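The values are calculated or read from the model by the stated rules, or taken from the named source; none is laboratory data. The structure presented is a predicted model; accordingly, all values stated were derived computationally and were not measured. Here Cβ is always computed from backbone atoms with ideal geometry, including for glycine, and neighbour counts include all displayed protein chains.
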Amino acid sequence: MTTIVTRAGKGSPLTNNEVDTNFTNLNDAKIETITSTNGSVLITGTGSARNLSVIANGGGGSAVSYYLNGGTNQGSFSGNTYYEISRTAVLGVDANFTISADGYIAQFITDANDPSLLSIPAGNWNFELWFQASAVGGSPSFYVELYKYDGTTFTLISTGSGNPEAIDGGTNTDLYFTALAVPQTTLAVTDRLAIRVYVTHSGRTITLHTQANNLCEIKTTFSTGLTALNGLTAQVQGFTTGTSGSDFNISSVTDVHTFNLPSASASVRGALTSADWTTFNGKVASVSGTSPVVSSGGTTPAISLASGYGDTLNPYASKTANFVLAAPTGASGVPVFRAVVAADIPTLNQNTTGTADNVTGVVAPANGGTGLTSPGTAGNVLSSNGTAWVSSAPAASGATVAKAAAFAIIFGY
């Protein structure tokens, strides 16, 4: 280990020999290479090699820094004037605060809706503040307090009152460091953060310098890697899955994003369930046909009747003129289209013989005939005897002759 000579009191000069010794010792232990592998940093040089573990920031990215801008008045809160805490440093003129008694030398608060996060990750917050005393000696000191403010109430998060830092640089304006152990803290998205700086003056006037060349900085446990994701501002966020809703959706609540993919149904657009997949997987792979049906096969076949069944099972196909669909002539069997034969026409319920265009035989009066086998002798007339028609010679009287003529006209005799 290299030894460096220092003075307990800030501002006390080293002798020339001490300065030369320090340079020699530092040169002997200078760093020559820095390499990083698998989360570790290896530092090598003329001195002993050092292997340092790298602690990853939980939120990803570098830590967020704030600056105390003493020239920006944020207004009065709970009877005290607060100045600005901002991520943007003001590099203008000095803005200084003095106190000649024990008490709070200055208070600072973030802008509205800053940090706009839901929690503070646990860890050290490091403070770099510039102080100056009106005289050397004594034992002046300072510490800081961290609060959250909800618009009405300041709630203390952490205080350094149990471990104050000495302001021992006398009249020099020196940079001082202190740290606060900050617990995991829940915030509302509208909460603001506040800093109060307490000084024990030890009989001196103490000055806190801000802005310009004396930037006071706060290094927080916030991360610059992620500020908001789907409306959530928690520094550490997680993902999970679900099945709610009627379509795919993402539900983001507090610090968890739930990817919902519901099961598909008649009214829900979603993922195919295992049961439905089994049903669909068991669908008909190919459709075949049994004669006389013909199928082209596959899952979307063309279905038709076999061409050879045009006469028997497809009555709408083209047929021979004047053919009818009938069973085979004189026998039972599959019907076919053929010409009509005499056996196809049933016997009528009357006393007739002959062909359809030549009726022969005696037609009884009840069927509209005369019941006679012949018309009789020429000149005879038909007359009724009350039971049947009779062919006989006409009577001599004029009335009889007239009747005979009338019958002749009616029946064509």
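What to note about this one:
- Selected residue (only one of GLY79, GLY123, GLY137 is among the small types (Gly, Ala, Ser), closer than 28 Å to ALA228 by Cβ and in the same structural domain as LEU175 (by TED's automatic domain parsing)): GLY123
- Residue identified as more than 49 Å from the chain's Cα centre (by Cα) and of a type in the set (Val, Ile, Thr) among VAL189, VAL182, VAL199, VAL236: VAL199
- Filtering region 161-169 for residues that are among the charged types (D, E, K, R), closer than 17 Å to LEU68 by Cβ and touching a Pro at 6+ places or on another chain (Cβ under 9 Å) leaves an empty set.
- The residues of region 63-105 that are part of a strand (DSSP E or B), farther than 20 Å from TYR149 by Cβ and of a type in the set (Val, Ile, Thr), listed by number, are THR98, ILE99.
- Any chance THR186 is modelled with pLDDT under 95, closer than 21 Å to TYR149 by Cα, in the same structural domain as ASN69 (by TED's automatic domain parsing) and touching a strand residue (DSSP E or B) at 6+ places or on another chain (Cβ under 9 Å): yes
- Qualifying position, being touching a strand residue (DSSP E or B) at 6+ places or on another chain (Cβ under 7 Å), closer than 18 Å to PRO140 by Cα and part of a loop (DSSP other than H, G, I, E, B), among GLY203, GLY170: GLY170
- Hey, TYR143 over 16 Å from ILE120 (Cα atoms) and either part of a loop (DSSP other than H, G, I, E, B) or not aliphatic (A, V, I, L, M) (or both) or not: yes
- Taking every residue in region 161-178 that is assigned by TED's automatic domain parsing to the domain that holds ASP94 and pairing it with any residue that is among the basic types (Lys, Arg) and crowded, with 17+ Cβ neighbours inside 10 Å, at least 6 positions away or on another chain, the pairs with Cβ-Cβ distances below 9 Å are ILE167/ARG204.
- Looking at region 267-374, the strands (runs of 3 or more DSSP E) lying wholly inside it that each contain 1 or more residues that are at pLDDT 80 or above, surrounded by 12 or more Cβ atoms within 10 Å (Cβ to Cβ) and touching a helix residue (DSSP H, G or I) at 6+ places or on another chain (Cβ under 7 Å) sit at 324-326.
- Residues in region 173-185 that are in a strand (DSSP E or B) and either aliphatic (A, V, I, L, M) or over 18 Å from ILE105 (Cβ atoms) (or both): LEU175, ALA179, LEU180, ALA181, VAL182, THR185.
For every residue, the table says whether it meets (1) acidic (Asp, Glu); (2) buried (at least 19 other Cβ atoms within 10 Å of the Cβ); (3) in contact with a His (Cβ under 7 Å, 6 or more places away or on another chain).
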| residue | (1), (2), (3) |
| --- | --- |
| PHE142 | no, yes, no |
| LEU175 | no, no, no |
| ASP191 | yes, yes, no |
| ARG204 | no, yes, no |
| THR221 | no, yes, no |
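- Subset tally (residues that are more than 18 Å from LEU68 (Cβ to Cβ) and surrounded by fewer than 21 Cβ atoms within 10 Å (Cβ to Cβ)) for region 98-123: 10
- Highlighted here are the strands (runs of 3 or more DSSP E) found entirely within region 213-261 that include at least 3 residues which are in contact (Cβ under 8 Å) with a residue 24 or more places away in the chain: 217-223.
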